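Asker: Encoded as C-alpha cells, here's the structure I'll be asking about.
The values are calculated or read from the model by the stated rules, or taken from the named source; none is laboratory data. Computed from a predicted structure; not experimentally measured. Here the Cβ positions follow ideal geometry from the backbone for every residue, glycine too, while neighbour counts run over all protein chains shown.
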Amino acid sequence: MLSTATAVILARMRILGIETSCDETGVALYDSERGLIGQALFSQVDLHATYGGVVPELASRDHVQRLLPLTKEVLAESGCVASDIDAVAYTAGPGLAGALLVGACTAQALAFGWGVPALPVHHMEGHLLAPLLEEDGPDFPFVALLVSGGHTQLLHAASLGDYRLLGESLDDAAGEAFDKAAKMMGLPYPGGPMVAKQALLGDPKRFRFPRPMTDRPGLDMSFSGLKTFCMNTIADCKVDGVLSETDCNDICRAFEEAVVETLVIKCRRAMEQTGLKTLVMAGGVSANQRLRARLAEALEKKGLNVFYPRPEYCTDNGAMIAFAGALRLLAGERHNDLSVSVRPRWPLAELSPPCLANGSV
Ligand code: KG4
Ligand code: ZN
C-alpha cells in the first residue's frame, strides 16, 4: 500500500501494469488502497535457452501471444472487470524495440478502449521503486544501485523522477558479465543464477579475480576486463578442451566474489560521497544472495540501511511497472497522447518528476 510519504493520495485507483521490455511478459494490477491485487508473469527463458541468449524477434512474437491471456488472468485473479481499471501503465523503454512496441500498442489500445489514460513507465524506474512496494520500504532520498542485464548504475534518488547519475559501468553491465562468463563455461542462459548456484560449491581461495576500477577514485565501474580474465582462467584450466566441474565451480566463486566486492566498494563510496543513510538495490542481479548479504553487512556496520526487493521483484515483472505508474498517476502525471512511441535507449537521469512529465515519451 502507498505511504503518504511517496504519493499524495487523491482517490482510490487501480492501475494495470504491463512489462514487455525483454524476455518476460509481466502483468499486474495495483490498487492504491489494497496494494497488489493480481499479477502474472511468463518467462521466455526456455524459448531463448537454445540460442544462449535473447532472440529479439522471438521475444516480440511471444509477448504478442501471452499479453492478453495474462491480462485476463490478472483481472480474474483480482476479481476486477475492465470498468474497474483507472489507468494502464506500460514499459516504454529502455529495452528491445519490438518487444517494447508490443506492450506499448497493447496498453494504448486497452486504455483507449476502456476510456482511461495510458502511462509510459521507465523500466529502470520500475526496478528502482520495487523495494517501495513493501510495507516497510524506504523513503526518498536514497542512493540507488541498479544492477541488471543492461545497466549497472549508482544514482542519487532525491524524489520520484529526480535521479542524478553518480557513476556507472563504462562497458558491460554486471548482469551481462555474469551471462557472458556463464556462456564461456557452458552454463545455460540466463547465466547469473547459474553462476551463483555453482559458486556455492566453489573454493573461495583457489583463484583471485581483479576488482576493476576500485584502486582509483570515483564511482564508475567496468566489468569487461573481468570477462577476459575469466576467459583466460578457463583456458588455463581446460584439459583436452574440457573444463572440470570443480574448476567451473571455483571460477564461478572467484568471479562472483570479484563482482560482489567491486559493487560493495563502490556502494560504500557512494554513501560516503552523498552522506545519505539509505541504499536501495534493485534489478536482476540484486537477486544474488551473496551480494545482498555482503552489502547489508558492509553498510549496516556503518549504521546505514539497505533495502532490496523480494526475489520475484528483482527480475522483470509487471508489479513494478503498475506501481511506478500508480505513483506517477497519483502524483498528478497525465498523458493525452495516443501515439505509440517507445525509447529503446532512455537514460534514467532524463526522467522528470511527475508534475513536469505531462506529454509524450
Ligand atoms: O532486471 P533483469 O531481469 O532484466 C534486465 O532488465 O536486464 O536482469 C536480468 C539479469 C541477467 O543478466 C541475469 O543473469 C541477472 O540479472 N541475474 C543474476 C541473478 N539473477 C538474475 N545475476 C547474478 N545472480 C543472480 N542470482
Ligand atoms: Zn529489468
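Asker: Those residues that are acidic (Asp, Glu) and under 25 Å from Leu36 (Cα atoms), I need them from segment 130-175; list them, please.
Answerer: Glu134, Glu135, Asp136, Asp139, Asp162
Asker: Do you know which residues across segment 283-305 are surrounded by fewer than 17 Cβ atoms within 10 Å (Cβ to Cβ) and free of Cβ contacts under 8 Å to residues at least 40 places away in the same chain?
Answerer: Listed by number, the residues that qualify are Ala293, Glu297, Glu300, Lys301, Lys302, Gly303.
One line per residue, one yes/no per condition, for (1) within 24 Å of Leu330 (Cα to Cα); (2) within 16 Å of ligand 1 (Cβ to nearest atom):
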residue	(1), (2)
Phe42	no, yes
Leu67	no, no
Cys80	yes, no
Ala89	yes, no
Gly93	yes, yes
Leu119	yes, no
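Asker: Within segment 299-319, can one find any residue that is farther than 28 Å from Glu24 by Cα, in a loop (DSSP other than H, G, I, E, B) and either at pLDDT below 95 or in contact with a Leu (Cβ under 6 Å, 6 or more places away or on another chain) (or both)?
Answerer: Taking every residue of segment 299-319 in turn, none turns out to be farther than 28 Å from Glu24 by Cα, in a loop (DSSP other than H, G, I, E, B) and either at pLDDT below 95 or in contact with a Leu (Cβ under 6 Å, 6 or more places away or on another chain) (or both).
Quick grid of which residues meet (1) basic (Lys, Arg); (2) over 19 Å from Val285 (Cα atoms); (3) without any contact (Cβ under 8 Å) to a residue 24 or more places away in the chain:
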{"site": "Ser169", "(1), (2), (3)": "no, no, no"}
{"site": "Ala173", "(1), (2), (3)": "no, no, no"}
{"site": "Pro193", "(1), (2), (3)": "no, no, no"}
{"site": "Leu201", "(1), (2), (3)": "no, yes, no"}
{"site": "Lys205", "(1), (2), (3)": "yes, yes, yes"}
{"site": "Thr214", "(1), (2), (3)": "no, yes, no"}
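Asker: Applying the selection to segment 123-167, what residues are away from ligand 1 (no atom under 16 Å from the Cβ), out of contact with any Gly (no Cβ under 7 Å at 6 or more places or on another chain) and among the small types (Gly, Ala, Ser)?
Answerer: Passing the criteria: Gly137, Ala157, Ala158, Ser159, Gly161.
Asker: Within segment 14-32, is there a residue that is of a type in the set (Phe, Trp, Tyr), at pLDDT 95 or above, under 21 Å from His122 (Cα atoms) and more than 16 Å from ligand 2 (Cβ to nearest atom)?
Answerer: yes
Asker: Let me ask something else. Hey, can you tell me all the residues within segment 194-225 that are buried (at least 18 other Cβ atoms within 10 Å of the Cβ) and within 13 Å of ligand 1 (Cβ to nearest atom)?
Answerer: Met194, Val195, Ala196, Gln198, Ala199, Phe223
Asker: Further question on the same structure: Being among the β-branched types (Val, Ile, Thr), touching a strand residue (DSSP E or B) at 6+ places or on another chain (Cβ under 6 Å) and either touching a residue at least 24 places away in the same chain (Cβ under 8 Å) or at positive phi (or both) is true for just one of Val340, Val280, Val264. Which residue is that?
Answerer: From the options Val340, Val280, Val264, the qualifying one is Val280.
To keep it simple, each residue is scored yes or no on (1) touching a Cys at 6+ places or on another chain (Cβ under 7 Å); (2) surrounded by 21 or more Cβ atoms within 10 Å (Cβ to Cβ).
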residue: Gly38; (1), (2): no, yes
residue: Ala49; (1), (2): no, no
residue: Glu77; (1), (2): no, no
residue: Asp84; (1), (2): no, no
residue: Ala89; (1), (2): no, yes
residue: Gly95; (1), (2): yes, yes
residue: Leu101; (1), (2): no, no
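Asker: Another question, if that's okay. Considering only residues of segment 320-346 that are within 14 Å of ligand 2 (Cβ to nearest atom) and assigned to a loop (DSSP other than H, G, I, E, B), which is surrounded by the most Cβ atoms within 10 Å (Cβ to Cβ)?
Answerer: In this case the residue turns out to be Trp346.
Asker: Only residues in segment 10-30 that are basic (Lys, Arg) count as the first member; pair them with residues that are not in a strand (DSSP E or B), Cβ under 7 angstrom, at least 6 apart or cross-chain, and list the lot.
Answerer: Taking only residues 6 or more apart or on different chains, the pairs are Arg12/Ser32; Arg12/Glu33; Arg14/Cys80; Arg14/Asp84; Arg14/Ile85; Arg14/Asp86.
Asker: Here is a follow-up. Given the structure, is Leu47 over 17 Å from the mean Cα position of the chain (by Cα) and more than 16 Å from ligand 1 (Cβ to nearest atom)?
Answerer: Spelling it out, it is not the case that Leu47 is over 17 Å from the mean Cα position of the chain (by Cα) and more than 16 Å from ligand 1 (Cβ to nearest atom).
Asker: Got a sec? Which helices (runs of 4 or more DSSP H) wholly within segment 164-276 have at least 3 residues that are within 19 Å of the chain's Cα centre (by Cα) and modelled with pLDDT of 95 or more? Spell out how you get there, then give the answer.
Answerer: Details: elements: 174-184, 191-199, 224-237, 245-274.
Here the list reads 174-184, 191-199, 245-274.
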